[in-house]
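Student: I am attaching a structure below and will ask some questions about it afterwards.
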Amino acid sequence: MRWVGLGVLLLLAVLVFFFAPRKKTPAPPALPAPYDRLERALEARDLAALKEIAQGEGYAAALAAWRLSGERALALDARRAYLARWRALTHDEDPAALARRLEELRQADEAARVWRRLLPQKEARAALIRLARQSRAAREALLAVAPEVVLKTARDPLLKARAALRLGEAEKALRLLDGRDGGTALTLRAEALKKLGRYREALALYRKLGDAYDEGELLRLLGASERAIRAFLRAGDRGAFRAAGLLEKKDLGRAIRLYLWVAGEKSPYADDAALRAWVLARRKGEADLAKQAWARLDGGLGLLAGKPLFPLTLPPLPSAPEGLDLIKILLRHDREDWARGEARVRFFASQGEEKRAWGWVLFFLGDPHTAARAGGRLSWGTPYRKAVLAAGRRFGLEPALLFAVMRVESAFDANAISPTGAKGLFQFTDATWQMLARQLGEAGADPFDPQKSALFAAAYLRQLLDAFDGDLRLAVVAYNGGPGYVRRALQAYPDFWDFLRFQPRDEPRAYLAKVWQAYAVYRALGEAAFRRPAFLEGLARPR
């Protein structure tokens, strides 16, 4: 009898579940007029309606223009005009799809220019090879990734010579340049002669071209340092910076003054020169010169030397932008792509506080890279916060450091690919990613996954910190140049400031300055970096 009673209770529970009145979830509002009409026009392939929609504003107009650009029933010129309309509204939202469409519309040079932005992706490389015979822009782009193709397909001897030099075939480049005397031909011939070790012949050509910097470099290679310094001094601020480095061993006082001159110019070397002048003046006991250098020292290198961070004045968080209700409705219809597209169109069409407000909407919808272009707080964004905080906790790193590296590496673009093939938010090469995947037991991890990218970055930075005895400066340089690069440079220049000045490449020094400044800003912002406008709480992304 007890089992019968239990069965009756179970039956009653089932009946109540199925037949009891329920509170209905209200249906989302109908799609707004342009999107509702767009959806019906797309389903019916109503070209007349699509043409009308394409003349309007917003992302619905962009989608209509995109569809019409691919409509083979239309004239080629009309299709090109609709594609131009799409580009104007979206600012090249999807470069790969754009490049394919440009090829379809027989705009080979413009397609090549777009594909070039996507190198070294395999599809971009294959497309440029396909376009090489008909597009000079494609051949120019291929010089960096497939010079052998340029050598086979180009008709221009100068372009072929550039390809030969890329391939290390200096003798072939000289043959291609035989009999040509223009400025470009002479420059390429000088480069080929330099590669072949024929320095005196190359020097004569650089003098003929009036290229004082390369003249100085050749004289240095030939051991004529005094003449090299004189040549460098005729080559502007870049040459003066180079000359000052050579003068350090000959006349330290003159070197300091030369560094100070560069520091006072509007030069990309100004901060580097100010830092070096400060270091050398202090070593020499020249208090007045050190004071002058300190006054000119700025940016991340200034922070490295101990200068305080500039005062932070971030604008207040914006109020909700006009048109936000449209985004909410699109999200309730599970049209996140359309919502993001609408926010993107409005972002590029607005200015000032309204632009920043739409930037926050883009940030919320998963596009912090575009949002950062609004400046202000968004340029110091903290996207993928949970992943970064978790990775930092696991490996004992400040979130400020991880956000700084992310900002410098990819500008918050989770799909970024560098010209050298580094991928994701933290820009890992395939070799480094695979090494870390094995160490972390994360085989098959995707470098474009923000969570994995943050995890691997934290793991790698922890390794580098341990490898360089906790010296964060060296760890950051090693993140950019590689630990082997840093060790080799330190063997030649054990003092950190000498290492910073005379390491083989300029890029790691500039990288350290950028990361160090971003790190200082994030540390100063603290919790303020995580604040969001109140109106974002009213948005609900679809599941």
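Each reported figure results from applying straightforward, stated rules to the coordinates on display, with no laboratory input. This is a predicted model, so every value here is computed, not measured. As a convention, Cβ positions derive from the backbone with ideal geometry for all residues, glycine included, and neighbour counts pool all protein chains shown.
Student: Given N residues in the range 44-154, what is its alpha carbon radius of gyration divided by 2.2 N^0.38 Å?
Tutor: Ratio of Cα Rg to 2.2 N^0.38 Å: 1.19.
Student: Which angle from 0 to 90°, rounded to the nearest 10, does the C-alpha axis of helix 270-284 make with the longest principal axis of the chain?
Tutor: 50
Student: To the nearest 10 degrees, how steep is helix 287-296 against the longest Cα principal axis of the chain, on a 0 to 90 scale?
Tutor: 40
Student: With the contact rule set at Cα under 8 Å and sequence spacing of 6 or more, what percent relative contact order holds for the range 44-154?
Tutor: On the way: 129 pairs, mean separation 16.3, N = 111.
Once normalised by length, the contact order is 15 percent.
Student: Here is a follow-up. Taking a ≥ b ≥ c as the square roots of the eigenvalues of the Cα gyration tensor of the range 316-387, is the shape rounded (a/c under 1.5), prolate (a/b larger than b/c) or oblate?
Tutor: Numbers: a/c = 1.85, a/b = 1.22, b/c = 1.52.
Taking the square roots of the gyration eigenvalues as a ≥ b ≥ c, the range 316-387 is oblate.
Student: For the ranges 270-276, 208-214, 326-332, what's the packing order if you count other beta-carbon atoms within 10 Å of each residue, average per peptide, and put the highest first?
Tutor: Put in order of decreasing packing, that is 270-276, 326-332, 208-214.
Student: Give me the net charge for the shell around Tyr82: Cβ to Cβ below 14 angstrom, other residues only, Lys and Arg +1, Asp and Glu -1. Kindly include the intermediate steps, with their values, before the conclusion.
Tutor: On the way: positive: Lys51, Arg67, Arg72, Arg79, Arg80, Arg85, Arg87, Arg101; negative: Glu52, Glu71, Asp77, Glu104.
The answer is +4.
Student: Okay, moving on. What residue among Thr153, Ala411, Leu221 has its Cα farthest toward the positive end of the dipole of the chain, where the charges are +1 on Lys, Arg and -1 on Asp, Glu, each on the Cβ?
Tutor: Of the options given, the answer is Leu221.
Student: Another question, then. Using only Cα atoms and rounding to the nearest 10 degrees, what angle (0 to 90) does helix 399-410 make with the longest principal axis of the chain?
Tutor: 80
Student: Between Lys284 and Ala320, what is the spin-label point distance in nm, taking each point 7 Å from the Cα along the Cα→C-beta axis?
Tutor: Each label point lies 7 Å from its Cα, and together they span 6.4 nm.
Student: While we're on this one: State, as an integer percentage, the relative contact order of the chain based on alpha-carbon contacts under 8 Å between residues 6 or more apart.
Tutor: 9
Student: Spin-label point model (7 Å from Cα, Cβ direction): what's the Arg180 to Ala48 distance in nm?
Tutor: 5.7
Student: Can you order the peptides 339-347, 351-359 by their average number of other Cβ atoms within 10 Å per residue, highest first? Write out the running numbers ahead of the final one.
Tutor: Working: 339-347: 24.2, 351-359: 19.6.
Ranking the peptides 339-347, 351-359 by packing returns 339-347, 351-359.
Student: Order the peptides 492-499, 188-195 from the highest to the lowest mean number of other Cβ atoms within 10 Å of their residues.
Tutor: Result, highest mean first: 188-195, 492-499.
Student: In whole angstrom, and with the biggest value first, how far do the Cα coordinates of the range 102-165 range along each principal axis?
Tutor: Here the spans come out as 31, 21, 14 Å, largest first.
Student: Taking R0 as 56 Å, what FRET efficiency do you get between Ala30 and Ala492 from their Cβ-Cβ distance, rounded to the nearest 0.05? If you can, show how the numbers build up before the last one.
Tutor: On the way: r = 70 Å, r/R0 = 1.26.
Efficiency computed from Cβ-Cβ geometry: 0.20.
Student: Stretch Asp506-Tyr213 to full length: gain in nm at 0.36 nm per residue minus the Cα-Cα span?
Tutor: Between Asp506 and Tyr213, full extension yields 103.9 nm more.
Student: On to the next question. Sequence neighbours fewer than 8 away in the same chain don't count; with that in mind, list the aspartates and glutamates whose C-alpha is under 18 Å from Lys423.
Tutor: Once the sequence-local aspartates and glutamates are set aside, what remains near Lys423 is Asp94, Glu123, Asp367, Glu409, Asp413, Glu442, Asp446, Asp449.
Student: Ignoring everything except DSSP H segments at least 4 long, calculate the 222 nm mean residue ellipticity for the chain; use -39,500 (n - 2.57) per segment, divide by total residues, nearest 500.
Tutor: After summing the helix terms and dividing by the residues of the chain, the value is -20000 deg cm²/dmol.
Student: How much net charge surrounds Leu205 when only other residues with a Cβ under 11 Å from its Cβ are counted (Lys, Arg +1; Asp, Glu -1)?
Tutor: So the environment of Leu205 carries a net charge of 0.
Student: Of Gly376, Ala478, Pro494, whose Cα points farthest to the positive end of the dipole of the chain (charges on the beta-carbon: +1 Lys, Arg; -1 Asp, Glu; origin at the Cα centre)?
Tutor: Pro494
Student: Translational diffusion coefficient, Stokes-Einstein: compute it for the range 385-538 using the Kirkwood radius over C-alpha pairs as Rh, at 20 °C and 1.002 mPa s, and state it as an integer in µm² s⁻¹.
Tutor: The diffusion coefficient I find is 132 µm²/s.
Student: Run the Debye formula on the Cα coordinates of the range 170-303, all scatterers equal and no solvent, and tell me log10 I(q)/I(0) at q = 0.18 1/Å.
Tutor: Here log10 of I(q) over I(0) equals -0.90.
Student: Which whole-angstrom value gives the distance between the alpha carbon centres of the range 276-312 and the range 500-530?
Tutor: Distance between centres, Cα-based: 16 Å.
Student: For the chain, with the dipole built from +1 on Lys and Arg beta-carbon atoms and -1 on Asp and Glu ones, taken about the Cα centre, which of Ala41, Leu167, Leu31 lies farthest toward the positive end?
Tutor: Looking along the dipole axis, the top candidate is Leu167.
Student: Along the Cα→Cβ direction, 7 angstrom out, place labels at Ala349 and Glu71. What is the inter-label distance in nm?
Tutor: Simple spin-label model gives 2.1 nm for this pair.
Student: Filter the cross-link list Lys160/Lys195; Lys195/Lys514; Lys172/Lys208 down to pairs whose alpha-carbon distance in this structure exceeds 25 Å.
Tutor: Values: Lys160/Lys195 17 Å; Lys195/Lys514 33 Å; Lys172/Lys208 23 Å.
Violating the 25 Å limit, Cα to Cα: Lys195/Lys514.
Student: Here is a further query. Excluding Ala263 itself, calculate the net charge of residues whose Cβ lies under 10 Å from the Cβ of Ala263, where each Lys or Arg counts +1 and each Asp or Glu counts -1.
Tutor: -3
Student: Continuing with the same structure: Which of (i) 52, 35, 23; (ii) 41, 32, 19; (iii) 31, 28, 27 is the computed semi-axes √(5λ) of the Cα gyration tensor in Å for the structure on display?
Tutor: (i)
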